[in-house]
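The values are calculated or read from the model by the stated rules, or taken from the named source; none is laboratory data. This structure is a prediction, so every number in the text was calculated from the model and none was measured. Note that each Cβ is placed from the backbone with ideal geometry, even for glycine, and that neighbours are counted across all protein chains shown. Calculation scope for accessible area: heavy atoms of the full protein, side chains included, ligands and nucleic acids excluded. Shrake-Rupley method; radii C 1.70, N 1.55, O 1.52, S 1.80 Å.
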Amino acid sequence: MTTQHEGGQTASPQAKSLLGGAMIIAGTTVGAGMFSLPVVGAGMWFGWSLVMLVGIWFCMLMSGLYLLEANLHFKPGASFDTLTKETLGQFWRVVNGLSIAFVLYILSYAYISGGGSIVNHSLNSIGVELPQSVAGLVFALVLAAIVIISTKAVDRITTIMLGGMVITFFLAIGNLLIEVDFSKLAQSDSQASYLPFMLAALPFGLTSFGYHGNVPSLVKYYGKDGAKITKAIFIGTGIALLIYVCWLVATMGNIDRSIFPDIIAKGGNMGVLVAALSDVIESTWLNNLLTLFANLAVASSFLGVTLGLFDFLADLFGFDDSATGRAKTAAVTFIPPTILGLLFPNGFLIAIGFAALAATIWAVIVPGLLAYKVRKLYPNSDGFKVPGGNGIIWLVIAFGVITAACHLLAMADILPVYK
């Protein structure tokens, strides 16, 4: 076992803001993936969608805390690679690394697809026509340039985008909530026949609560203050859950369930959903706010994911930070997902589903296994331990396995999918 283990708690370096950590978690969790939730939730509709979100929130909260429990047995700064290698062995290290790389690549493609869709919708509103694949290419090239310039450029641009995202989201959602027709929300709550549609939607809900890559960063930031990091994760994921519930109320309370098959038939992409909302909202000002929010959401998500992929690949291939090194890293980072975006411009929903398939490994199953293993290795440790015993660990692992199976079964047309 690694020599990095340190029994028990140590004092945190200094008092750090709890709100800051919570906002990191919330900001990472909430992104363009939320646009998939109303589309994949249309089959089960609002009541069952709410049940699903709360259940997934609990499982993803617990998996993040299990990752934290394992991480606190190592020096602050240790990340997934070190944790899996030292605790679970080389096999899980390789599997986990491949799943992280796959998630980052497939999400990069998803956001190029979603970005092309929403950019196209934005341009159509001012009378400009572009093929969606071209719109996706423009979206990728402009934002890739920011990532290539420097991490500082991404930090500054993302900060501005997040500020704009918060303002436009609350203005747009606030107005949409005023217009909600509650009879639309309740129209299927009594229909048990809608429940089976939840199974195919599980992977999309899982993707919407992905923040686990930030847990090692919070340990590095706060030190071994398990209680404070737990509060940050709880508050951050709770904010995300609240935002998703408001989003479902706003969309499903304004768009009739019967309209969703047409949205799904058109690929269920971001621009299609926003266009459907625009059709039922008479306010031009509100439509513009919603469109701006969608643009900012997908752009900030793309920047966050591709920066992580850029750094991951630079480390993997040993590319330095010179102009030549960054150009090589940029090539392996952006060319594959951009080519996919050109070939399959409407793959947003499909890509989010595949991201969930890989995320079940590194964000759900591996954290559960890590916590189980460190408890066996250090049974007498007086350090941070997630309450609930090993039963909850196996519940979370089972959730990951079931979610992965649901995605594969839905792809094979064995599970009911609303169309």
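Estimated at the nearest 10 Å², the accessible area of V401 is 80 Å² with a 1.4 Å probe. Once the chain from A265 to Q90 is taken as fully extended at 0.36 nm per residue, the excess over their C-alpha distance is 58.7 nm. Here is how the number arises for the chain: DSSP H runs of 4 or more residues each give -39500 (n - 2.57), the sum is divided by the residue count, and the result at 222 nm is -24000 deg cm²/dmol. Working from Cα pairs under 8 Å separated by at least six residues, relative contact order for the stretch 106-244 is 12 percent. Quick check: from the Cα gyration tensor, does the stretch 131-278 come out rounded (a/c under 1.5), prolate or oblate? Taking the square roots of the gyration eigenvalues as a ≥ b ≥ c, the stretch 131-278 is oblate. Residues L137, L67 ordered from highest to lowest accessible area at a 1.4 Å probe: L137, L67. The alpha carbon gyration tensor of the stretch 377-419 gives principal lengths a ≥ b ≥ c with a/c of 1.5 or higher and a/b greater than b/c, which makes the shape prolate. Ranked by solvent-accessible area (1.4 Å probe, protein heavy atoms only, all chains present), the residues E86, E129, E282, E179 order from largest to smallest as E282, E129, E179, E86.
Take the alpha carbon gyration tensor of the stretch 283-323, find the square roots of its eigenvalues, order them as a ≥ b ≥ c, and report rounded if a/c is under 1.5; if not, report prolate when a/b exceeds b/c, else oblate. Verdict is prolate for the stretch 283-323.
Helix 197-207 and the longest principal axis of the C-alpha atoms of the chain enclose an angle of approximately 60°.
The slack between V280 and D413, meaning 0.36 nm per residue of separation minus the straight C-alpha distance, is 44.7 nm.
Take K85: with every protein chain present and a 1.4 Å probe, its accessible area is about 80 Å².
Taking all protein chains as shown and a probe of 1.4 angstrom, W92 keeps an accessible surface of around 70 Å².
Helix 151-178 axis versus longest C-alpha principal axis of the chain: approximately 50°, rounded to the nearest ten.
For the set W45, W362, W285, solvent exposure ranked by accessible area (probe 1.4 Å, protein chains only) runs largest to smallest as W285, W362, W45. Segment A153..I126, full-extension length gain: 6.8 nm, with 0.36 nm per residue of separation and the alpha-carbon distance subtracted. Just to confirm the number: angle between the C-alpha axis of helix 348-359 and the first principal axis of the chain, 0 to 90 degrees, nearest 10? In the chain, helix 348-359 runs at an angle near 10 degrees to the longest axis. Projected label points at A323 and D81, each 7 Å from Cα along the beta carbon direction, are separated by 2.8 nanometres. Since only M161, A355, G213 are under comparison, the one whose Cα sits farthest along the positive direction of the charge dipole of the chain, derived from C-beta charges on Lys, Arg, Asp and Glu, is G213.
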